[in-house]
Structure formats: structure tokens, C-alpha cells
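**Q** The structure is given below, and queries will be raised subsequently.
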Amino acid sequence: MRGIPAITLTLLLISQGASTFAQNNPEGETTTTTTTTTEAKGAPQAKEISDQKTRSDEFALGSKFYQTKKFAEALKHFQKAAATQADDGEARIMAGYCYYSLKQYEKALKEYTLAADKGKLISVRNKAQRLAQRLSSYLRGICPGNCLKPSMPGWRKMNVPGKPDRLVWMVYPYLDPEGRGGSEFWSNDHMGEVIEYVNGRPINKGVCPICNGTGKVSLPK
């Protein structure tokens with residue numbers, strides 16, 4: 001067998017050594033990758049921390065101005081807090097409160113609706129939804145309470161002995177403790193009165209405290 005020339009052998013050994021080093025000592029590449037990954041992770045973490053601080057600072061300033069009834073100033077800070085990724089929707093609700101206090105009701109409704117749609121917490125979304133529904137009722141002049149009113153669905157004509165034909169009725173079904181079904185009826189003569197279920201039975205609680213029995217409401221002007 002011919003001998004391998006010295007130069008060729010040297011190059012071969014160097015090549016094999018380099019290959020072995022690359023396989024057994026990948027720290028150089030790994031370190032580079034790790035450093036890049038760490039830097040890539042560090043940037044979002046730093047941004048997230050900064051975002052949380054911005055939200056906290058702006059919310060605190062907004063609360064300070066809101067408590068002193070400087071609603072226009074408070075609004076600016078709550079809007080900045082709401083614009084951060086860290087906000088759970090509460091800042092947007094507070095922005096709605098500011099608009100409401102400034103008597104800009106349509107804008108307040110928009111803020112409540114956004115918080116109801118995009119809030120990160122279920123509790124915040126539920127709160128915003130209640131506020132939006134209540135304000136929407138007020139904007140339409142309809143009492144948001146549980147009182148009987150013409151706008152409620154479910155009114156029906158019924159033949160009730162001893163009662164005039166002009167009446168329409170709202171039916172409230174129930175189950176008694178023994179599981180037997182029944183219904184209670186109230187006519188439109190009871191408009192503005194609150195009907196609520198108590199222990200499974202519908203009860204007339206009297207005149208609605210929100211609209212004073214009129215079924216109508218209005219917003220401050």
C-alpha cells in the first residue's frame with residue numbers, strides 16, 4: 001500500500017479534528033444561539049415590564065384626578081392606561097366613567113362596550129356589560145330595572161274572568177317545592193312595579209325605585 005503524502009495526511013487529520021471538535025464541543029454555536037435567544041426573550045420582558053409600569057402610573061394619575069372631579073384630566077390618563085397591553089379593561093371602564101361625568105354618554109357607552117368585548121378578565125367584561133346595558137337603556141329612555149314596562153317582550157292577551165278586555169298580561173311561571181308547576185300573572189295595570197323571583201316564586205315588590213313607577217328614565221343634561 002502506498003503511503004499517504006505527509007501534506008495530505010496533515011490536512012486529513014486537521015479536517016477530522018475539526019469535525020470531531022464541532023461534534024463534541026458545540027458550545028460556540030450553542031452559546032451564540034443561547035445569547036441570541038436570551039436577547040430575544042429579554043426585549044419582550046423589558047417591554048412588558050415597561051408596559052405594566054406605564055399602565056400602573058397612568059391609572060394612578062387618572063384615579064387621583066377622578067377623585068378630585070377633574071374628569072377631563074383623569075380621562076387623558078385612563079386612556080393612556082387603556083392603550084397599554086397590560087390593561088385588563090378596568091382603565092377603559094374608568095374612561096367610560098369620565099365620559100359619563102362629562103355628560104358625553106355615547107362615548108361612555110363606547111368605552112363600556114369595548115371593555116365588555118376585549119377585557120382580559122371575566123369579572124371586568126361582566127361589569128362592563130352591565131354598565132353598557134344600563135346606559136343603553138337610559139339613552140333610550142327605558143328604565144333598566146326589573147319593573148313591568150311596555151317594551152318588555154312577552155305581553156299577551158288573555159281571557160281572565162272579571163277583568164276587562166283592554167288588559168294585556170305578563171306571565172311568570174314557577175315550580176313549587178314539590179316540583180309542581182304554576183304561573184302568576186300581572187297586567188299592564190301594574191306598569192312600573194317590580195316583579196322578582198323570591199325562593200322560586202314571582203313576587204310583586206312594589207313601585208320601581210329607579211323610575212318611580214313610570215317605566216321611563218332620563219340622563220342628566
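The values are calculated or read from the model by the stated rules, or taken from the named source; none is laboratory data. A quick note: this is a predicted structure, and the numbers were derived from the prediction, not measured. All Cβ positions, even for glycine, are placed from backbone atoms using ideal geometry, and neighbour counts span all protein chains on display.
**Q** What single numbered condition from (1) out of contact with any strand residue (DSSP E or B) (no Cβ under 8 Å at 6 or more places or on another chain); (2) at pLDDT 90 or above fails to hold for Lys205?
**A** Status for Lys205: all satisfied but (1).
**Q** Is it true that some residue in the range 77-90 is within 27 Å of Lys47 (Cα to Cα), within 11 Å of the chain's Cα centre (by Cα) and part of a helix (DSSP H, G or I)?
**A** So far as the range 77-90 goes, yes, one or more of its residues are within 27 Å of Lys47 (Cα to Cα), within 11 Å of the chain's Cα centre (by Cα) and part of a helix (DSSP H, G or I).
**Q** Looking only at the range 155-195, filter to residues that are among the small types (Gly, Ala, Ser) and not in a loop (DSSP other than H, G, I, E, B); which one of those is modelled with the highest pLDDT?
**A** Ser187
**Q** In addition: Residue pairs, Cβ under 8 Å, 6 or more apart or interchain, first in the range 78-102 and under 15 Å from Phe65 (Cα atoms) and in the same structural domain as Thr68 (by TED's automatic domain parsing), second of a type in the set (Val, Ile, Thr) and in a helix (DSSP H, G or I). List them.
**A** From the range 78-102, the pairs are Lys80/Thr54; Ala81/Thr54.
**Q** Right, here's the next one. Can you tell me how many residues within the range 65-89 are over 15 Å from Glu111 (Cα atoms) and among the basic types (Lys, Arg)?
**A** Residues that pass the stated criteria total 2.
**Q** Out of (1) small (Gly, Ala, Ser); (2) crowded, with 17+ Cβ neighbours inside 10 Å; (3) more than 33 Å from the chain's Cα centre (by Cα), the odd one out for Gly181 is which?
**A** (2)
**Q** Now for a separate question. Got at least one residue in the range 103-113 being aromatic (Phe, Trp, Tyr), surrounded by 12 or more Cβ atoms within 10 Å (Cβ to Cβ) and not in a helix (DSSP H, G or I)?
**A** No, the conditions are met nowhere in the range 103-113.
**Q** Something else now. Restricting to the range 187-204, name every residue that is free of Cβ contacts under 8 Å to residues at least 24 places away in the same chain and either on the phi < 0 side of the Ramachandran plot or of a type in the set (Asp, Glu) (or both).
**A** Asp189, Val198, Ile203, Asn204
**Q** Would you be able to say whether some residue in the range 62-76 is within 30 Å of Thr214 (Cα to Cα) and touching a helix residue (DSSP H, G or I) at 6+ places or on another chain (Cβ under 8 Å)?
**A** No - not one qualifying residue is present in the range 62-76.
**Q** Next question, about the same structure. Take the residues in the range 156-180 that are in contact with a strand residue (DSSP E or B) (Cβ under 6 Å, 6 or more places away or on another chain) and touching a residue at least 24 places away in the same chain (Cβ under 8 Å); name whichever of them is nearest to His190 (Cα to Cα).
**A** My answer is Met170.
**Q** Here is a follow-up. Determine, yes or no, whether Glu184 is among the acidic types (Asp, Glu) and without any contact (Cβ under 8 Å) to a residue 40 or more places away in the chain.
**A** yes
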